[in-house]
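Encoded as structure tokens, the structure appears first; notes follow it.
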Amino acid sequence: MTYSDWLRADRLPHIYCAGCGNGTVINCTLNAVDRMGWKKEETVFVSGIGCSSRAPGYIVTDSLHTTHGRALAFATGIKMANPDLHVVVFTGDGDLAAIGGNHFIHSCRRNIDLTVVCMNNQIYGMTGGQGSPTTPRGALSTTTPYGSQEPAFDLCELATAAGANFVSRWTSYHVKELTRSIHQGLGVPGFSFIEALVQCPTNYGRRNKFRQVMDQVEYFKTHGILVQKAHRLRDEGLPIPPDAILLGDMVMRDRPAMGVKR
Amino acid sequence: MRLVIDERRCKGCNLCTLVCPYRIFSAGKQPNARGIVVPVLDRPERCANCRLQALYGRTLCGMCQMICPDQAISWVEEKPGEAQKVAIEF
């Protein structure tokens, strides 16, 4: 079996813009799920509202497209009602960090056995490019036309502080590493959070000097540094570049988890 | 195995041209019937997965298929007896 068996071929091509990184993250997630050897009847994909949240519509398994920001609340319900199901949540940055922020930190605190894949495109892509809580400082959007003045959320730090069992961050350029991390997260009992930075050529890249799709992917490639390297630089007293994107597995621990398969 | 781009799914983002270690993909010039400029393949028989997938029994490399946001890249089995092109690199 390959990942393409999990896709609904009759629904493709999907509605994402040309070059949108969400499709890449779907490939990586389905590859990881396929590698786990799970049955399609025992896997559920849950999502909220947004570009990223259209992903379960292209997957053959049971899925739930829920209200804005409440994907984790619905996923908690599924997992509590039937702990034998494998629940994977697709969510975006506006869905998870903005309107669903409280659901996110409390799911991390309860440490429910879910795998959350957050496609962070650093903007509200679907509604027209408004600034989101993860828009970097200085980035242009339709609601921050002179550059965002607010510091951005670091979702991995947030999940770590709130108590998730597995936290990892990769980008849509690092497909092999992202697949490996999602595979590891699916196997971990407890809350696994994988943040995937994706390019949004239509609403983010176009306003922020990434005119071509490849420009933003090249940016991820050149500015991503491994978290181990960042720690080494810090220990040696060397400066970490201010625009560096820390990548890698941040946390792997064994806190008591809820809703683990009996 | 043969490397193919599904023209019904490709949206012409050219991300495959970024990742292929053999530089098999290059940006196309002519728009197809849907108005999309699909990348062109330069000697696809050089692809490691085309040559060695049957020998190893698993997908090798596969970066282009993984990064393709439109699930347009795949490998198809050749029909028995179909003429195969072989590339030798010095």
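The values are calculated or read from the model by the stated rules, or taken from the named source; none is laboratory data. If you're wondering where the values come from, they're calculated on a predicted model, not measured in any experiment. Virtual Cβ from ideal backbone geometry, glycine too; neighbours counted across all protein chains shown.
Of note:
- Only listed residue being at pLDDT below 85 and within 27 Å of B:Gly12 (Cβ to Cβ), chosen from B:Lys79, B:Lys85, B:Lys29: B:Lys85
- Restricted to segment A:29-43, and to residues there that are surrounded by fewer than 20 Cβ atoms within 10 Å (Cβ to Cβ) and not in a helix (DSSP H, G or I), the residue that is farthest from the other protein chains (Cβ to nearest Cβ) is A:Lys39.
- Verdict on A:Val33 being under 14 Å from the mean Cα position of the chain (by Cα) and among the hydrophobic types (A, V, I, L, M, F, W, C): no
- Residues within segment A:67-121 that are among the hydroxyl-bearing types (Ser, Thr, Tyr), under 23 Å from A:Gly23 (Cα atoms) and in contact (Cβ under 8 Å) with a residue 40 or more places away in the chain, tallied: 2
- Strands (runs of 3 or more DSSP E) wholly inside segment A:150-262 containing at least 2 residues that are among the β-branched types (Val, Ile, Thr): A:166-171, A:245-252
- Every listed requirement among (1) in a loop (DSSP other than H, G, I, E, B); (2) touching a Leu at 6+ places or on another chain (Cβ under 9 Å) is met by B:Asn49 save one, (1).
- Any hit, segment A:159-170, residues being more than 17 Å from B:Cys13 (Cβ to Cβ), within 14 Å of chain B (Cβ to nearest Cβ) and in contact (Cβ under 8 Å) with a residue 40 or more places away in the chain: yes
- Cβ-Cβ under 8 Å pairs, at least 6 apart or on other chains, segment A:8-28 side surrounded by fewer than 20 Cβ atoms within 10 Å (Cβ to Cβ), far side among the aromatic types (Phe, Trp, Tyr): A:Arg8/A:Tyr58; A:Arg11/A:Tyr58; A:Leu12/A:Tyr58
- Test: residue in segment B:60-76 that is more than 14 Å from chain A (Cβ to nearest Cβ), modelled with pLDDT under 90, in contact with a strand residue (DSSP E or B) (Cβ under 7 Å, 6 or more places away or on another chain) and under 29 Å from A:Ile182 (Cβ atoms): no
- Single match in B:Ala54, B:Ala83 (criterion: hydrophobic (A, V, I, L, M, F, W, C), more than 10 Å from chain A (Cβ to nearest Cβ), over 24 Å from A:Leu178 (Cβ atoms) and part of a helix (DSSP H, G or I)): B:Ala54
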